[in-house]
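Colleague: Please read through the structure below; I'll follow up with questions.
The values are calculated or read from the model by the stated rules, or taken from the named source; none is laboratory data. Everything numeric here is computed off the predicted structure, so don't read it as measured data. Using ideal geometry, Cβ is built from the backbone for each residue, glycine included, and neighbour counts are taken over all protein chains shown.
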Amino acid sequence: MLFCFDNDGINEVTRFLTAVAVLLFVYLFLLQILAIWPFTIDDMYITLRYARHWASGVGLVWNIGEPPVEGYSNFSFVVLGRLALTLGLDPVMVLKSAGVIGLLLTCVAVFKISRFWFVVRIALIPPAWLLTYKGQIIWSVGGLETTVYQALICFAVFFIFRGLGYRAYPEKMQPGSLLPIIIAGFLMALAGMSRPETPALMLLMIVLVWFNKPRPINRIILFTCTIILCFAPYFLWRWHYYGRLFPNPVYCKGLADVMDLTLAKNYLQLAWPFILLAIPAVIWSKDRRHYFLWLPSVVYLILLLGADPVVAFANRLFLPAFVLLLPLTLQGIKILISWYLNRHDSVFDVMLYLSAFLIAFFFIPGMSLAEYRQFSQNPRAGERLRQQVVQWLQQHTNKDSHVVLADSGLIPYQSRHQFIDSYCLNNAAMTKDPSADMYHRLCHHVLFTQPEVIILTSLREKGQVIYTPTDACLASVLQSGNTYRLQVSFSAGDERSLYQYEIFTRLGR
């Protein structure tokens, strides 16, 4: 019946759908953010412990008086945390707010990339898709750099396109300018200060700019030199300061010996419909811009082969690649609809809106507002649980006590003790051993050195007790030995899922 509408009727439908799209965009951004706002990831406090030590003048160190270890992987957020502490602001609110701003800027960047192929009302579809995905919303308020990093990468791609001479649809290509290329190089350098995998994307972008036709030699040189001039001083400084090419978490979780494909499988479960629908846009593309949009997914799949799946959930590490894929997917849908209708008019727009809605409904995992609110409850309970541990440590131990702990986030941030991270992230000594042996060796090292306090972290589900690798080794010894005594246990949850801390202290300390 749709095709029986006259032009005025179709135009009315188009305007109605455009208004709905705008209202939906507001709903997806504002109300979802408000619902999920209480959620905070514990790893954020790792960044803030380094920021606090830096702001107090003792340097970028995990433990005061010990050699520096790069236990964070988001230097830009360490800088932001230090700035907040220096100005007397709440660093947690500053980092969470930065994530929300990053989400908004990512949507703007994706919209502007989409504008190279679509009019305004159609270019709103990829940002709406992005905001529909629950992983995107979850990681926008967690306190990590995810959305800010997405915005930097997406805007870098946008300015590369502008520097190569491309303009928003339906304008024709014009001679490229140098300023956008400089901005793109600067943004890539900032991204390199936010995530350790960025050098691989830098190299990819340089190659793709070179690969563009006609080949703009001056822009290639300028783009490369801007990245080097802005990123090299930071890279050389951190290499000298920490003595390693990569942050410690990369050696702990990103360079595993066993090929674990969990992260790649999770991403492909989300991305496969978008990849398939993007194929027509790749095959029938009139230029080579499409490489900028799908090759990052390939790069991330390669980089994260063998990575420990505990480093992220809800595709956190893949989100910068996924967001670039969305405008290409919309191009593919446009081509498919064009084959069917063989025209571009209001009917075409309605079909495109309808296709976009079906894609979001069937292939993008989302949450209701109530589910977002419920999702934030467990982390809040976890924070209250960790506060109990912090309070006990303050009341029963000295500030210079050495504490072994796997769950190194809020507890070390709010405590002044010397923490031995038994989960490796802030423990450079562990990465000197093969990954298969590092937890076992640390367990025996702890039992030999006998620190004052050992805190075991466990999750009890379906009658099973799940410890982190080092804690599993320590638990079997502590519970049967006579060197340490269990002083107190703190737990949160119920019979189905119980998260617990067991605090052991050395006898005679």
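Colleague: Take SER489 and tell me if it is over 30 Å from the mean Cα position of the chain (by Cα), surrounded by fewer than 16 Cβ atoms within 10 Å (Cβ to Cβ), among the small types (Gly, Ala, Ser) and over 23 Å from LEU393 (Cα atoms).
Modeller: On the way: over 30 Å from the mean Cα position of the chain (by Cα): yes; surrounded by fewer than 16 Cβ atoms within 10 Å (Cβ to Cβ): yes; among the small types (Gly, Ala, Ser): yes; over 23 Å from LEU393 (Cα atoms): no.
No, not satisfied.
Colleague: Does at least one position in the stretch 402-413 carry a residue that is modelled with pLDDT under 90 and either in the same structural domain as ARG52 (by TED's automatic domain parsing) or within 29 Å of VAL250 (Cα to Cα) (or both)? Working first, answer last.
Modeller: Here is the first cut: in the stretch 402-413, the ones modelled with pLDDT under 90 are 407-408.
Then keep just the ones that are either in the same structural domain as ARG52 (by TED's automatic domain parsing) or within 29 Å of VAL250 (Cα to Cα) (or both); that gives 407-408.
Taking every residue of the stretch 402-413 in turn, at least one turns out to be modelled with pLDDT under 90 and either in the same structural domain as ARG52 (by TED's automatic domain parsing) or within 29 Å of VAL250 (Cα to Cα) (or both).
Colleague: So, in the stretch 31-63, of the ones that are in contact (Cβ under 8 Å) with a residue 24 or more places away in the chain and among the β-branched types (Val, Ile, Thr), which residue ends up nearest to LEU410 (Cα to Cα)?
Modeller: Per the stated criteria, the residue is ILE46.
Colleague: Another question about this same structure. Does SER114 satisfy being more than 17 Å from the chain's Cα centre (by Cα), buried (at least 24 other Cβ atoms within 10 Å of the Cβ), within 26 Å of GLU197 (Cα to Cα) and among the hydroxyl-bearing types (Ser, Thr, Tyr)?
Modeller: Values: more than 17 Å from the chain's Cα centre (by Cα): yes; buried (at least 24 other Cβ atoms within 10 Å of the Cβ): yes; within 26 Å of GLU197 (Cα to Cα): yes; among the hydroxyl-bearing types (Ser, Thr, Tyr): yes.
Here the answer is yes, as SER114 does meet what is asked.
Colleague: Please state which one of LEU358, LEU317, LEU305, LEU354 is in contact (Cβ under 8 Å) with a residue 24 or more places away in the chain, part of a helix (DSSP H, G or I) and not β-branched (Val, Ile, Thr). Step through it out loud before you land on a result.
Modeller: Numbers: LEU358 fails: in contact (Cβ under 8 Å) with a residue 24 or more places away in the chain; LEU305 fails: part of a helix (DSSP H, G or I); LEU354 fails: in contact (Cβ under 8 Å) with a residue 24 or more places away in the chain.
Exactly one residue qualifies, and that residue is LEU317.
Colleague: Answer with yes or no whether ALA51 is modelled with pLDDT of 95 or more, small (Gly, Ala, Ser) and part of a helix (DSSP H, G or I).
Modeller: Details: modelled with pLDDT of 95 or more: yes; small (Gly, Ala, Ser): yes; part of a helix (DSSP H, G or I): yes.
Spelling it out, ALA51 is indeed modelled with pLDDT of 95 or more, small (Gly, Ala, Ser) and part of a helix (DSSP H, G or I).
Colleague: Considering the stretch 88-126 alone, what residues qualify as being within 22 Å of THR40 (Cα to Cα) and either assigned to a loop (DSSP other than H, G, I, E, B) or not assigned by TED's automatic domain parsing to the domain that holds ALA51 (or both)? If you could, list the steps in order and put the result at the bottom.
Modeller: The initial filter retains those residues of the stretch 88-126 that are within 22 Å of THR40 (Cα to Cα), namely 88-107.
Hits for the stretch 88-126 are GLY88, LEU89, ASP90.
Colleague: I would also like to ask the following. Which is modelled with pLDDT under 95, of a type outside the set (D, E, K, R) and at negative phi, of ALA156, ALA168? I'd like the intermediate steps shown before the answer.
Modeller: Values: ALA156 fails: modelled with pLDDT under 95.
It is ALA168.
Colleague: So the check is Cβ under 7 Å with 6+ separation or different chains; which pairs have a first residue in the stretch 434-453 that's assigned by TED's automatic domain parsing to the domain that holds ASN398 and more than 11 Å from ARG506 (Cβ to Cβ) and a second one that's part of a loop (DSSP other than H, G, I, E, B) and hydroxyl-bearing (Ser, Thr, Tyr)?
Modeller: Sorted first by the residue in the stretch 434-453, then by its partner, the pairs are LEU442/SER422.
Colleague: Read through the list (1) surrounded by fewer than 17 Cβ atoms within 10 Å (Cβ to Cβ); (2) at pLDDT 95 or above, then give the number of the only condition that VAL119 fails.
Modeller: Here VAL119 clears every test but (2).
Colleague: Please pick out the residue among PHE231, PHE161, PHE223 that is under 26 Å from the mean Cα position of the chain (by Cα), of a type in the set (A, V, I, L, M, F, W, C), over 30 Å from VAL78 (Cα atoms) and buried (at least 21 other Cβ atoms within 10 Å of the Cβ). I'd like the intermediate steps shown before the answer.
Modeller: Details: PHE231 fails: over 30 Å from VAL78 (Cα atoms); PHE223 fails: over 30 Å from VAL78 (Cα atoms).
Being under 26 Å from the mean Cα position of the chain (by Cα), of a type in the set (A, V, I, L, M, F, W, C), over 30 Å from VAL78 (Cα atoms) and buried (at least 21 other Cβ atoms within 10 Å of the Cβ) holds for just one of PHE231, PHE161, PHE223, which is PHE161.
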